[in-house]
Every structure is written in structure tokens, then in C-alpha cells.
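What follows is a set of notes on a single structure, which appears directly below.
What follows draws every value from the coordinates through simple rules; no lab data is involved. Quantities reported herein were computed from a predicted structural model and do not represent experimental measurements. Reconstructed Cβ throughout: ideal geometry from the backbone, glycine too, with neighbour counts over all protein chains shown.
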Amino acid sequence: MKVDYINDRTMDSSGFVILADYVPQIVQEIRYYSCYNFIGERIDGYEEPCALLTIEAARALKSATAEFQVLGLVPKVFDAYRPASAVRRFVLWGIEDQDIRMKPYFYPELEKETLFERGYIASKSSHSRGCAVDLTLLDMKTGKELDMGSPFDLFSPISHPDCRDITDEQYENRMTLQRVMVRSGFKPINCEWWHFSLENEPYPDTYFSFPVSSQYLRR
């Protein structure tokens, strides 16, 4: 099977939407636009702190959001579409960059060279296909995040969705997130409680390269 990676097709954003326009209830904290992430600086390709998704993934997330709201919860998105240039930045950081300044916060138990083999960082990501989203849940009454037992992007076995080395409440919070997302057409992965990708994605072989920018979609 041929996989598109960098060509004119990967710069075509016509099948994508700005998540804030499509599901305005969702809270966003786009971590890779900030310096608070496992590398410690803004990541290539993140020109705005906004979430983009394919229309199909946004539609499924809209359905999930409606169900979460019935439960008194609202999603908070950390990452959605991720350009291929950002993934390349992750790979180069893992192979060549000796900087480990964020190790105490994001991978305290692991050496950075093991993050790829353990599945925490991918050399090609479903995020670049526009079908994946990283998220947690907020309590609508308090505005606070539910306690999931580990923070977003903590690369550790405690972040595995099925980890039971956490409290019953933390585990149930994870399962609430997972159950609703799965019912809405997403699938989880086994090493990150926050990551979900669309089961029936529209571009399974294309890794897009256009920037994370609302202006790019609106031009």
C-alpha cells in the first residue's frame, strides 16, 4: 500500500474543520503551541493554539460532547490534527537532541530513547491523518479537570488506560471518557488514557502537512 507523506495532497485542508467553530462547547489547551510539553518549546507547524480535525472526526466528537454534557462534563482538548512536520520534530528530538530538560515532568521513569519503542511517540501519527484527538474531561460545575490518575503526556505505565495502580475514582473517570468516546466511533490505544482515533477515518493513508492555523482553513 502506498502511503502519501509529503506532496500536494498533504497540503489540502478542504476536508478539515476548525473544532471551535464546529463544537464551540469544547475547551482547548493546545499543548504543542506552548512550551509546556515533553520537548519544552513550541512545536513546528503549530501556528495557532487551535484544534483542527477532519469533518468526520469533528462530527463524532460533537456527538461525544453532547453525551458528556448530559453527565455534567465537557471535553478539554490538548491536541487534535498534528502536522507531519511536528512529528518529524519529535523524531529528530528523540534521535539527535540531547536536551532532557522536561524529563522530570513527562518521562521521569524512562530514558528518552525508549519512548518510541514503548509506543508513547510514533514516527508516523494518526494525528497527522486528522482523525485523532487527545483530551480529558472537565466538571461543568467546578470547571476543574477530572482526576485521571496521571496528567496528559506523562509517559509512564500509570498512564495506560487499564492501569489499576490508581484509585477506583480515577479509574472510573478514565472509563467514563473511554466509554463515551468508543460509543461515538473512536478507539483507544493501550498506553495513553487521553488518546482516541476515529474508527472509520476518511484518510487512512494520508499524513497531512499543512499548519495548525485557522487562517489556513479559512483562506
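In order along the range 78-83, phi translates into HN-Hα couplings of 9, 7, 9, 4, 10, x Hz, rounded to whole numbers, per the Karplus curve 6.51 cos²θ - 1.76 cosθ + 1.60 with θ = phi - 60° and x for Gly and Pro. Rounded to the nearest Hz, the phi-derived 3J(HN,Hα) couplings of the range 95-109 under the Karplus curve 6.51 cos²θ - 1.76 cosθ + 1.60 (θ = phi - 60°) are 8, 10, 7, 8, 5, 10, 4, 9, 3, x, 9, 10, 8, x, 9, where x marks glycine and proline. Peptides 165-171, 25-31 ranked from most to least packed give 25-31, 165-171, packing being the mean of other C-beta atoms within 10 angstrom over each peptide's residues. The peptide list 185-193, 94-102, put in order of mean Cβ contacts within 10 Å with the highest first, becomes 185-193, 94-102. For Q28, the residues whose amide H sits under 5 Å from its own are V77, ignoring neighbours fewer than 5 places away on the same chain, with H placed 1.01 Å from N.
Structural descriptor for the chain: relative contact order 30 percent, calculated from alpha carbon pairs under 8 angstrom and at least 6 residues apart. DSSP finds beta bridges in the chain, and of those with both partners inside it, around 80 percent are antiparallel. Would you mind estimating how fast the range 8-218 diffuses translationally, via Stokes-Einstein at 10 °C and 1.306 mPa s with the Kirkwood radius over Cα pairs, in µm²/s? The Stokes-Einstein estimate is 92 µm²/s. Taking a threshold of 31 Å on the Cα-Cα distance, which of the pairs K103/K144; K124/K144; K62/K103; K112/K141; K62/K112 fall above it? Too far apart for the 31 Å limit: K124/K144; K62/K103; K112/K141; K62/K112.
The alpha carbon centroids of the range 191-219 and the range 66-111 are separated by 14 Å. Dividing the summed helix terms, -39500 (n - 2.57) for each DSSP H run of n ≥ 4, by the number of residues in the chain produces a 222 nm estimate of -7500 deg cm²/dmol to the nearest 500.
When only alpha carbons are used to place a centre, the range 149-171 and the range 116-142 end up 15 Å from one another. Near I189, the amide H atoms lying under 5 Å from its own belong to H195; only residues 5 or more places off or on other chains count, and H is placed 1.01 Å from N. Toward the positive end of the charge dipole of the chain, with +1 on the Cβ of Lys and Arg and -1 on the Cβ of Asp and Glu, the farthest Cα among L198, A58, Y107 is that of A58.
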